[in-house]
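Peer 1: Quick one: this structure, given as structure tokens, is what I'll be asking you about.
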Amino acid sequence: MSVRLPSRRVSPAERRADLWLALALLIGAIISAWLGQVAGVYGDETPAFGWALVYSAALTLPLALRRRYPEVVLLWVATMFYVGASFRIPEVYVGNVAVFIAMYTVGAWVADRRRATVVRWMVIAGMFVWLLVTTFQAATADGDGGLSRAGLFSPFAAYMLLQFLANVAFFGGAYLFGERAWAQARSRAALEERTRELERERELTAAQAVALDRVRIARELHDVVAHHVSAMGVQAGAARAVLDRDPAAVRGALRAVEQSARDALVELRQLLETLRTPDADTPTDSTVHLSALPDLIAHARENGLPTTFAVVGEPLEAPELVQVNLYRVAQEALTNARRHGGPTATADVRLRYSADAIELEVSNDGRAHLVGRPGLGLVGMRERASASGGTLEAGPRPRGGFLVRVRVPLSSPGSPASPGVPVGPGVPVAATPSAEPSTDAEARA
């Protein structure tokens, strides 16, 4: 099977270089033929000098097209070289150079390696057959002139052997140099292709990084804005309902709206500061951790969603990323419960620690189906669970309501540490871990 390089086009500079090479060789061939005729290389058997001019042009000018039609140029130049030697044109140097260049070009530029090999071996075989024929004719010719043929290894035999070895070196060099040039071109083309692939991969990686950053920013903004705006909506609705009959309640609701707005601005400012700081790492720079869950539960209660909270098992140190993502999942689940669960909904939050995992479970007994157009909350929760190496279960409960459970395995069991979730007033703590999370959840349902 032939091996092909990517398309190699001859540049204008290379075409000009080939033209100048052909013209230089033409001038050299004319001078060589004139000097050879003056020196009597072939004695008196040389044709008129006009034929030397024609031979020089036919031998050298086709080299101007050597990179565009390398096989044709090689066959033509080899044929002209044979014709010139047969008719005793007194030019014996530039012709050899022209054949060498033509053969090298076939090896260096023909993409079809099978065809390049066949064409070169045809020329080499023809040249050596011609050499053998001329050697035999010289050995069997009668005559007293020339080199002595006496002895086992006569001067004539030494001269013929020298001719043979010179041709081996000549054609072998042209062949090997052409092969080496083609191999270098192939390596250079492969390197350029690999460079282009790396550039495409770099651009793709950069685009993916930008997309991931956009998703992360959108997820953070959604969690912050949805949580606080939902609470503001609940309080504003409560204030409107009692506007005429309970001014004190209205003032309390408006204070809650104001506080939610301030909290939202604080979190948004912290998020923007993190994004503007080049060396900041969002998970470690975040201010939300599992230790803030009691405050989140208290906020949910204050905004009309009765919520209970329990820690099951001995708290363990968790990575910052896991803490941030679990907190945001709890925040989004409580926001959805407040928005879609109905006015009588209650919620239960449980944080379970086991030897190899942390599990967060948020359930409510309100409506099981979302009211209105589905949002991005569930998508964000799944992304956060996946980013932490965990899994998320979210869906209606058989006994009514909605359940969100995320389980994050720990790579190595942590040692008991200072409680990751501080226990405050009204926060019950179970002494032992639950063996079956789903059973425990159903029991509370």
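Peer 1: Please compute the modelled spin-label separation between Phe49 and Arg200, points set 7 Å along Cα→Cβ, answer in nm with one decimal.
Peer 2: 6.2
Peer 1: Another question, if that's okay. Which of rounded, prolate, oblate describes region 12-200, given a ≥ b ≥ c as roots of the alpha-carbon gyration tensor eigenvalues and a/c under 1.5 marking rounded, otherwise prolate only if a/b is larger than b/c? The partial results should precede the final answer.
Peer 2: Numbers: a/c = 3.04, a/b = 1.68, b/c = 1.81.
Cα axes put region 12-200 in the oblate bin.
Peer 1: Spelling out what I want: for every residue of region 314-330, take phi, set θ = phi - 60°, compute 6.51 cos²θ - 1.76 cosθ + 1.60 (Karplus), and round to whole Hz; glycine and proline get x.
Peer 2: Values, residue by residue: 8, x, 10, 6, 10, x, 4, 4, 5, 4, 4, 5, 5, 4, 5, 5, 4 Hz.
Peer 1: A further question on this structure: Evaluate E = 1/(1 + (r/R0)^6) for Asp244 and His289, where r is the Cβ-Cβ distance and R0 equals 51 Å; express this FRET efficiency to the nearest 0.05.
Peer 2: Values: r = 43 Å, r/R0 = 0.84.
The computed FRET efficiency comes out at 0.75.
Here, each number is a calculation from the coordinates, and none is a lab measurement. These numbers come from a predicted model, not from an experiment. For neighbour counting, all protein chains shown are included, and Cβ atoms are generated from backbone atoms with ideal geometry for every residue, glycine included.
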